[in-house]
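A short worksheet on the structure shown next.
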Amino acid sequence: MNTLTMTAALDGIPVEMQPTRESLQVVITGHVDHGKSTVIGRLLADTGSLPEGKLQQLKNYCERNAKPFEYAFLLDALKDERAQGITIDSARVFFRTARRQYIIIDAPGHIEFLKNMVTGASRADAALVVIDAKEGIQENSRRHGYLLSMLGIRQVVVLVNKMDLVDYQQSVFDDVVREYSEFLDQVNIQPRHFVPVAAHPGDNIAQPSSRLPWYDGPTVLAALDELQAQAPAADAALRMPVQAVYKFTELDDTRRIIAGTIESGTLAVGDEVVFYPSGKKTTIASIEAFNRPLPERAAAGEAMGFTMKDQVYVARGEIATRADQPAPHVTTRLKASIFWLGKTPLLKTTEYKLKLGTARVPVRVSSIERVIDASHLDPIAGHDRVERHQVAECVLDLTRPLAFDVADDLAATGRFVLVDGYEIAGGGIVRAALPDPQTAVREQVLRRNVRWDHSRVSESRRAERYSQRAVLLIVTGHQSTDRKGLAREIEARLFEDGRFVYFLGMGNLVHGVDADLESRHEARPEHLRRMGEVAHILLDAGLIVIAAAAGLTAAEVESIRTAITHDSVATVWLGDRTGSDLVPDLHLPDDDSTDRPSRVKALLQQHGVIYRAS
Ligand code: GTP
Ligand code: MG
């Protein structure tokens, strides 16, 4: 807000009524041309929020050029003047009343609306829906209503606009009220008010209009002032999606700053935090701030960074939570309501990217359970695809575990968008977390990680000292191949190169760690889990670990990965590839006579495990 607006708005207002710091974010939606920009322009004009002379200047300009004046021009003109600190930026318009500041989010289309609501910094407390009295309710009036409901925006004020075009007749207004209330009722929204307005001439926007004597409700401005800013998310559990991890630049300073925006909850120095999906735990050492004294705590809405007592390895996409509060869900399967906007339909055969918080995970639709058209809400039969503008209840399968909340519990980490190629093609909310095949192992691993005693020597310091990153290299393949032989050959070669490497023989486990297990086939998952646990310890020590096992399936490798919670698993398949669905990082066919250990070394270099060729 510029000072001009401030003074204009403060002028003549008694001190006790002067604006508090409260602000309300309101999204404005409606069918094309029903008058959103005009309503916004009017609100700015009638609250004295415009730079002096601006309105007249533009009206004069239109007159000189024989163009009818449009409030949309005014908004465009203000956008162009952004550099001068005017009250508008790309999607948001600011003004204030005696009660508080308003931020109006203009959502010209569905995609912008979704982006604003799901990924954008702006979260709406309320919505204005604009309906043209003459044209009546259109498809988008309904779709937007549905979206508002899906996104949990329950405070809605409906503006029945352009009443001048229908001679300010009450019967037209009443018809819209009846029809639209019925629709909204089905999506569980009870509007606070329906206000008959004519935005262009300015009826009922800020001043009650004598041309609408039959209406005794509030003006738009009065209706806005009645709304409540939503309960600050600070009361909820801490959710801070990790945006970036920064290193201190001083030599020998191994601390990391974890940076992100707190979506909900609060965080203070000394709090124990757990990152999900990894389950790694640490304690907040400091909260970092730019150019001001370091704060002791931070709360929802703040973009911030913190340092940790134990330098655990976390990456962008994880969510920081507090150990003393409810944990998010972690799984690869979830049930969601999806609003599809893609030009091509949502198909089960296509891979999309799901973006939730700062995480991006490849995803497929595994089942489509219910499809409805958001503009008439009737279920549609035949569920093999979701067309543009339809809403569907789907089960999604992610390629990696994701941390999230159910939207009803925590909205910010329960909303997502779906990206098709490079474009946002849909959005949705999580309805439920579903178990996946790794759930049991993952829960055990999360418990282990939460209780893990950290060394004072961090993973990155070990990596620097040893000139290598820890990795589990799994040599698997066809029964007839000599996997163990190759594994030992690789171990010897890497050792000669000066690497810290260890061959983890399966036989060594079977009669030791696994001595209590039967050797029967049913015990195989437990054998693999234990192998994963042993490997996890060796990886924590910074080693390159090489293991050999016959015919591992993709699911078995997945369960080893789950145990390790490390992106550092590399797989080599030896011989004929029949009998397993594993897609290995490196395939060495039987008839391949190249120097195999060298090819494995090249793979490790590619994975950034060993830094320089030697
Ligand atoms: P998009 O951003 O394109 O979706 O349109 P919009 O919803 O922002 O509509 P806009 O405010 O640009 O108004 C569309 C047209 O309706 C313009 O020509 C306005 O002058 C006109 N209009 C808006 N409000 C009124 C009104 O109360 N009465 C009359 N007669 N015309 C109006
Ligand atoms: Mg507009």
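The values are calculated or read from the model by the stated rules, or taken from the named source; none is laboratory data. In this text the structure is predicted, and so the values were computed from the model without any measurement. Quick reminder, even Gly has a Cβ in these numbers, built from the backbone with ideal geometry, and neighbours come from all protein chains shown. Surface accessibility is based on the protein's heavy atoms, side chains included, excluding ligands, DNA and RNA. Shrake-Rupley method; radii C 1.70, N 1.55, O 1.52, S 1.80 Å.
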Q. Where q = 0.21 Å⁻¹, what log10 of I(q)/I(0) comes from the Debye formula for segment 345-452, counting one point per Cα?
A. -1.24
Q: Kindly identify segment 286-419 as rounded, prolate or oblate by the Cα gyration tensor criterion: order the square roots of the eigenvalues as a ≥ b ≥ c, call it rounded if a/c is under 1.5, otherwise compare a/b with b/c, prolate if a/b is larger, else oblate.
A: prolate
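From the C-alpha coordinates alone, can you work out the Kirkwood hydrodynamic radius of segment 233-328, in Å?
Value: 13.1 Å, from the Cα pair sum.
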Q | Hz values of 3J(HN,Hα) by residue in segment 163-175 - Karplus curve (6.51, -1.76, 1.60), Gly and Pro given as x | A | 4, 4, 6, 10, 6, 6, 7, 4, 5, 5, 4, 4, 4
Q) When the accessible area of segment 331-440 is split by element with a 1.4 Å probe, what percent falls to carbon and sulfur? A) 49 percent
Q. Mind checking the alpha-carbon convex hull of segment 455-606 and giving the volume per residue in Å³?
A. 113 Å³
Q.
Taking 20 °C and 1.002 mPa s as the conditions, I'd like the Stokes-Einstein D for the chain in µm²/s, using the Kirkwood hydrodynamic radius from alpha carbon pairs.
A. 77 µm²/s
Q: With a 10 Å radius around each residue's Cβ, average the other Cβ atoms per peptide and rank 484-491, 324-331, 542-549, highest first.
A: 542-549, 484-491, 324-331
Q.
Give me log10 I(q)/I(0) at q = 0.14, 0.19, 0.26 Å⁻¹ for segment 510-582, Debye formula, one equal scatterer per alpha-carbon, no solvent.
A. -0.47, -0.85, -1.34
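Add +1 for every Lys or Arg and -1 for every Asp or Glu among the other residues with Cβ under 12 Å from the Cβ of GLU351, and state the total.
Once all neighbours under 12 Å are counted, the net charge is +1.
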Q. Where the centre of each part is set by its Cα atoms, how far does segment 354-376 sit from segment 141-192, in angstrom?
A. 27 Å
Q.
If I take all pairs of Cα atoms in segment 200-279, what percentage of them are more than 16 Å from each other?
A. 71 percent
**Q.** Gyration tensor verdict on segment 447-501 (Cα atoms; rounded if a/c is under 1.5, prolate if a/b is larger than b/c, oblate otherwise)
**A.** oblate
Q) Residues of the chain: accessible area per residue at 1.4 Å, in Å²? A) 46 Å²
